[in-house]
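Novice: I'd like to ask you about the structure that follows.
The values are calculated or read from the model by the stated rules, or taken from the named source; none is laboratory data. Since we're looking at a predicted model, the values are computed, not measured. Cβ placement follows ideal geometry from the backbone for every residue including glycine, while neighbour counts extend to all protein chains displayed. Note: areas computed on protein heavy atoms with side chains; ligands, DNA, RNA excluded. Shrake-Rupley method; radii C 1.70, N 1.55, O 1.52, S 1.80 Å.
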Amino acid sequence: MEVGAEAFAQLLPRLRRRIRRAAFVALDMELTGLYSTSLQSSEPSLFDSPVERYLKTRQSVQRFTVTQLGLAIFSKENSNKYVVHSYNFFLFPSMLGVRDVEFTLSASSIQFLSHYGFDYNKFLKDGIPYMNEVQEKILRQHLLAGSWTFHSAANRDVLRKVIDEVTCWIAVAEEEETMILQDLSDYHVLEVQLVLRQALQNVWTEPLGNKKVMVKKVSPQHRQLLENSSCDPCQTELILLSARGFTNLFQMLVEAKKPLVGHNMLMDLMHLHDKFYKPLPESYEEFKRNIHNLFPVLIDTKTVTKSMKKNYLLPRVSSLSEAYAVLCSSSLNPKDPLWPVIALASDCSRYAEKESPHEAGYDAFLCGSVLLMSAHLLLCRSTDDAAEADPSFLQYLTVLAEHVNQVNFIRGGVSSTNFSGEDAPCHRPPALVVHVQGWPGLNERQIYQEFKGLCRFDVRRLSKNQFILLSNKYKQLVLRDYKHHPHLQVSVYRHWRHSPRVNCLLQVSGIVALWSLLAFVLGGAPSCS
């Protein structure tokens, strides 16, 4: 269930087989931060268009990294039973390369994960390396040129000790003599060989398994022959395979083209693109095209449950865990023999015994479970409350068709991002306008603080003395309470009245009309001659 760098390589073939057999895969991430406070207006706003939101979020995604990625692989066994293999992958950027990787930590995010028991030692000490295509290309060039380096101070201490030990031994050893280095981590097995071969021209190395490496003293001529052998464990492609780490699993997911399920998954998709595929492009449309090519079928359970709430199939729920609890309740699935049976595999049974909120593997399991139960409810409704015997996952996909590739858009001008076509036109709620009198220097933050006790507003400056307020549910009491305020006058926004562009156009039109009138009057005056 919990997978670090030590166990990842051995698990990869099994993961490939399970993904190939899967009906779909659910995904969740834990991050070192969400929205950077060092960036102005980085948080979601009702004013955001899809392009604006993408560009804001892109800057945050480039600053933060993924600490844990949860993958829940759902396979249909028989009838209506799905078996789930759920994994927590601890990730850490690859340190084999030419540039050290930098990322930001948000204090609130770190504290939040710590509260839910996140193990930062596993993230830091046993995180699976990863890199995107651009980083891999640069590493390949430097491996071929012999100009790569390691960036871990802890690794350097281990490697320095090994080099000192081998250097002392080789000074007195005869050719073809060997020594064994023991108790190396799986990650150090590769590093030790690369460093020794680069530092000493008369040694050869081979991994022996069980965290051991054999070092042999050889002549330079023999060394050259061995390097050209196809059996060399330190060939460039094998080094890249190790340095890619989790990116190998990402590529398996891309090749399998299984439906990818998430909850509020826009930021997750951006991290997938940035960390494992390519740096996020500046173009929002290019990002959408890339993701659609990588994962042609996306399903966001937030989009699904929001729609079901509007159609009165679900009560109001604010989180993934609430949606799961409601769908599992007997009131929604009373004695339905075809209701999906979701069983955790024996090696992932911990989640059946104990809730683990905000653990990526657990949240991925909840996400996939919510999808199956929601799809079954929708299927029952489409067939007059009686689903056919043994509904297939393809039938579930059919009933979910309107939600496929519609990823939830948190608090913005559209309800969802369409990854297989054009987004819907922006539609914002009614706005209020605040006119300021006798309160010089007032800014957006102060306006926000002034009104936050009444309702959650997003604020944007309209002109020197005016601000627009947007809220999904603004209350009439805002207009009432500020009717006689000495400095702030609040009214409903009217485009023709409050828009600076319209006002400017009216002023220009007025000036043009006045000059036209003057020209007519003066031009039409009788001549004195």
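Novice: Only Cα pairs under 8 Å and at least 6 apart count here; give the relative contact order of the chain as a rounded whole percent.
Specialist: Reported as a whole number, the value is 18 percent.
Novice: With every protein chain present, what accessible area does Glu282 have (1.4 Å probe, heavy atoms only), rounded to the nearest 10 Å²?
Specialist: The value for Glu282 is about 140 Å².
Novice: Name the residues whose placed amide hydrogens come within less than 5 Å of the amide hydrogen of Phe64, ignoring near sequence neighbours (fewer than 5 apart) on the same chain.
Specialist: Amide H neighbours of Phe64, under 5 Å, 5+ apart: Thr104.
Novice: Could you give the dipole magnitude of the range 147-233 about its Cα centre, charging the beta-carbon of Lys and Arg +1 and that of Asp and Glu -1, in debye to the nearest 20?
Specialist: 180
Novice: Additional query: Tally the DSSP beta bridges in the chain and give the antiparallel ones as a percent, rounded to 5.
Specialist: In the chain, DSSP labels about 80 percent of beta bridges as antiparallel.
Novice: So, with +1 on the Cβ of K and R and -1 on the Cβ of D and E, and no other charges, what is the size of the charge dipole of the chain about its Cα centre, to the nearest 20 debye?
Specialist: The dipole of the chain has a size of about 2140 debye.
Novice: I want the local charge near Asp423. Using Cβ-Cβ distances under 11 Å, sum +1 for each Lys or Arg and -1 for each Asp or Glu among the other residues.
Specialist: Spelling it out: positives minus negatives among the neighbours equals 0.
Novice: Quick check on the chain: helices-only [θ] at 222 nm, where DSSP H runs of length 4 and up contribute -39,500 (n - 2.57) each and the sum goes over total residues. Nearest 500, please.
Specialist: Here the helix-only value at 222 nm equals -13500 deg cm²/dmol.
Novice: How do Lys216, Lys122 rank by accessible surface area computed with a 1.4 Å probe, from largest to smallest?
Specialist: Output order, biggest surface exposure first: Lys122, Lys216.
Novice: So which chymotrypsin sites (Phe, Trp or Tyr not before Pro) in the range 59-122 pass both tests, a DSSP loop state and at most 13 other Cβ atoms within 10 Å of the Cβ?
Specialist: Here the chymotrypsin sites (Phe, Trp or Tyr not before Pro) that fit, given the DSSP loop and packing criteria, are Tyr116.
Novice: Among the trypsin sites (Lys or Arg not before Pro) in the range 265-357, which ones are in a DSSP loop with at most 14 other Cβ atoms within 10 Å of the Cβ? Mind listing them?
Specialist: Details: sites: Lys275, Lys288, Arg289, Lys302, Lys306, Lys309, Lys310, Arg316, Lys335, Arg350, Lys354; in loops: Arg316, Lys335, Lys354.
Of the trypsin sites (Lys or Arg not before Pro), the ones in loops of the range 265-357 whose Cβ has at most 14 other Cβ atoms within 10 Å are Arg316, Lys335, Lys354.
Novice: Which helices of the chain meet both criteria: a Cα extent of 27 Å or more along the helical axis and a mean Kyte-Doolittle score no lower than 1.0, with helices taken as whole DSSP H segments?
Specialist: Those that clear 27 Å and a mean of 1.0 are 360-382, 500-523.
Novice: Quick one: Cα centre-to-centre distance for the range 323-375 and the range 390-441, in angstrom?
Specialist: Result: 26 Å between the Cα centres.
Novice: Can you flag which of Lys258/Lys354; Lys137/Lys278; Lys309/Lys452; Lys258/Lys310 are past 18 Å Cα-Cα?
Specialist: On the way: Lys258/Lys354 28 Å; Lys137/Lys278 11 Å; Lys309/Lys452 27 Å; Lys258/Lys310 28 Å.
Beyond 18 Å between Cα atoms: Lys258/Lys354; Lys309/Lys452; Lys258/Lys310.
Novice: Can you list the residues, at least 5 places off or on another chain, whose amide H is less than 5 Å from the amide H of Ala431, using H built in the peptide plane?
Specialist: Tyr493
Novice: For the chain, what % of the accessible area comes from carbon and sulfur atoms, probe 1.4 Å?
Specialist: 53
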